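Data first, discussion second: the structure below is written as structure tokens.
The values are calculated or read from the model by the stated rules, or taken from the named source; none is laboratory data. Since this is a predicted model, take the numbers as computed values, not measurements. Here the Cβ positions follow ideal geometry from the backbone for every residue, glycine too, while neighbour counts run over all protein chains shown. For accessibility, only protein heavy atoms count, side chains too; no ligands or nucleic acids. Shrake-Rupley method; radii C 1.70, N 1.55, O 1.52, S 1.80 Å.
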Amino acid sequence: LAKTTQPISMDSYEGQEVNITCSHNNIATNDYITWYQQFPSQGPRFIIQGYKTKVTNEVASLFIPADRKSSTLSLPRVSLSDTAVYYCLVGESKGNEKLTFGTGTRLTIIP
Amino acid sequence: GAVVSQHPSRVICKSGTSVKIECRSLDFQATTMFWYRQFPKKSLMLMATSNEGSKATYEQGVEKDKFLINHASLTLSTLTVTSAHPEDSSFYICSASRTDYGYTFGSGTRLTVV
């Protein structure tokens, strides 16, 4: 599994757009990029997954440049409830593959 | 969507006793289940991987005789912490997956050993 690097923490004000970048220089051809969100005392929750270019769903967008060595999770107009830890994972996502969690990014939204 | 139920959500036990945590996939059959441990302010650490009907594969450093994993059906896996000690106090999280279906996590179990 490709190793990922993300900022340890970020702060943002309510209503702002937040972008969290993840580096994965050793990403393999068959790897997908997946982001999870974890609130305190809860299990991680799937946010978004992508392979290349841009993916958007109802909660976030994921931007992946052509070389796929990094990705950016974009959260539009954040609110206090978006305070959480965000993990970027890279792998084939076949379901039988071990997921290795990095440090994650602790996002704090300020009123 | 896929739902994984984990219980209990919290448990307090006395040192030296055993505790069982259940993980159920409610609306899908999970070919593989994973168990993680998470200490405060830290990331999830994979403990073991289990496939239905076969022995679990433990990560390096995880004592298989202390953390017993049973995966008797495609919808249920259990983690038993045997002879628990205060250092076993942690947040335990399960994940269930199906080939080409992705991963769904349980809500976690807060274990406190006193």
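Given B:21, B:69, which one is assigned to a strand (DSSP E or B) and away from chain A (no Cβ under 14 Å)? Before the answer, list the steps.
Values: B:21 fails: away from chain A (no Cβ under 14 Å).
Testing whether each residue is assigned to a strand (DSSP E or B) and away from chain A (no Cβ under 14 Å) leaves just B:69.
Residue-wise test of (1) open to solvent by 20 Å² or more (accessible area, probe 1.4 Å); (2) farther than 16 Å from residue B:112 by Cα; (3) in contact with a strand residue (DSSP E or B) (Cβ under 6 Å, 6 or more places away or on another chain); (4) of a type in the set (D, E, K, R).
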position: B:11; (1), (2), (3), (4): yes, no, yes, no
position: B:17; (1), (2), (3), (4): yes, no, no, no
position: B:24; (1), (2), (3), (4): yes, yes, yes, yes
position: B:32; (1), (2), (3), (4): no, yes, yes, no
position: B:35; (1), (2), (3), (4): no, yes, yes, no
position: B:44; (1), (2), (3), (4): no, yes, yes, no
position: B:47; (1), (2), (3), (4): no, yes, yes, no
Notebook entry, point to check: Residues in region B:40-51: is at least one over 12 Å from residue B:91 (Cα atoms), touching a Phe, Trp or Tyr at 6+ places or on another chain (Cβ under 6 Å) and assigned to a loop (DSSP other than H, G, I, E, B)?
Noted result: no
Checklist line | Looking only at region B:82-102, and only at residues there that are touching a Cys at 6+ places or on another chain (Cβ under 8 Å) and over 18 Å from residue B:42 (Cα atoms), the one that is nearest to the other protein chains (Cβ to nearest Cβ) | finding: B:96
Check: How many residues does region A:57-93 contain that are surrounded by fewer than 16 Cβ atoms within 10 Å (Cβ to Cβ), within 14 Å of chain B (Cβ to nearest Cβ) and touching a Gly at 6+ places or on another chain (Cβ under 9 Å)?
Finding: 0
Notebook entry, point to check: Which of the residues belonging to region B:79-114 are of a type in the set (A, V, I, L, M, F, W, C) and farther than 24 Å from residue A:87 by Cα?
Noted result: B:79, B:81, B:84, B:113, B:114
Check: Which of the residues belonging to region A:3-22 are buried (at least 18 other Cβ atoms within 10 Å of the Cβ), within 10 Å of residue A:88 (Cβ to Cβ) and more than 13 Å from every other protein chain (Cβ to nearest Cβ)?
Finding: A:20, A:22
Margin query: So for region B:91-110 (the condition being open to solvent by 50 Å² or more (accessible area, probe 1.4 Å), outside any loop (DSSP other than H, G, I, E, B), within 30 Å of residue A:9 (Cα to Cα) and among the basic types (Lys, Arg)), does at least one residue qualify?
Written below: yes
